[in-house]
Amino acid sequence: MDLLTSLLVGIGLAMDCFAVSLAIGTSVRSNLAKTALVIAASFGIFQAAMTVAGWGIGATLYTEISAYGPGIAFLLLAVIGAKMIYDGIRGESESPLANLAVLPVLILSVATSIDALAVGVSLGVIGSAVIVPAVVIGLVSFAFAVTGVLCGMRLEKILGHRTEILGGAILVAIGIRILTGSVLL
């Protein structure tokens with residue numbers, strides 16, 4: 001996967017991180033910078049790690065299902081993207097955090113990185129490299145999470161759940177590009 005495609009996938013995956021971080025930012029009244037860094041580091045690390053874990057799962061299955069790889073990648077990305085769009089239209093989001101307790105941070109980190117696991121599986125199934133995409137996905141998620149927390153109150157009224165709709169649309173578009181063979185992998 002080339003850098004541009006990795007960046008686009010990272011942006012698509014980071015929309016959940018941004019939406020959750022935005023909600024967290026609206027509930028934090030003190031230690032905003034600390035909260036932003038803790039949440040962003042956790043989200044970024046989990047996004048990158050889940051991408052690599054998914055790739056490991058997909059790569060082990062590559063020889064058995066390589067002919068079906070593009071279809072599987074499309075299906076995974078389309079389902080994830082469609083769910084993100086659906087959730088964005090319905091206005092569903094995670095609950096904001098009142099503090100930085102370890103368990104809620106970990107739970108939100110896992111919840112926002114499940115999509116990255118599926119992307120990693122897609123990369124493994126199609127035989128793509130994973131290090132650059134995982135690092136890019138982690139860094140983009142970190143940046144979006146910092147931005148979400150720091151902009152929480154101001155941006156919530158402007159963007160709301162539209163960020164998830166945009167993220168879902170990006171993932172569906174990339175899935176279509178993989179299916180049609182025009183993706184830059």
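The values are calculated or read from the model by the stated rules, or taken from the named source; none is laboratory data. In this text the structure is predicted, and so the values were computed from the model without any measurement. Neighbour counts are summed over all protein chains in view; Cβ atoms, including those assigned to glycine, are modelled from backbone coordinates with ideal geometry.
General remarks:
Conditions (1) over 14 Å from the mean Cα position of the chain (by Cα); (2) modelled with pLDDT under 90, marked per residue:
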{"site": "PRO70", "(1), (2)": "yes, yes"}
{"site": "GLY91", "(1), (2)": "yes, yes"}
{"site": "ALA98", "(1), (2)": "yes, yes"}
{"site": "VAL102", "(1), (2)": "yes, yes"}
{"site": "SER109", "(1), (2)": "no, yes"}
{"site": "ILE114", "(1), (2)": "no, yes"}
{"site": "ILE131", "(1), (2)": "yes, no"}
{"site": "VAL149", "(1), (2)": "yes, yes"}
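- Given (1) modelled with pLDDT of 80 or more; (2) surrounded by fewer than 19 Cβ atoms within 10 Å (Cβ to Cβ); (3) over 19 Å from LEU150 (Cβ atoms), index of the condition ALA33 fails: (3)
- Test for ALA48: is it among the aliphatic types (A, V, I, L, M), closer than 24 Å to ILE126 by Cα and crowded, with 22+ Cβ neighbours inside 10 Å: yes
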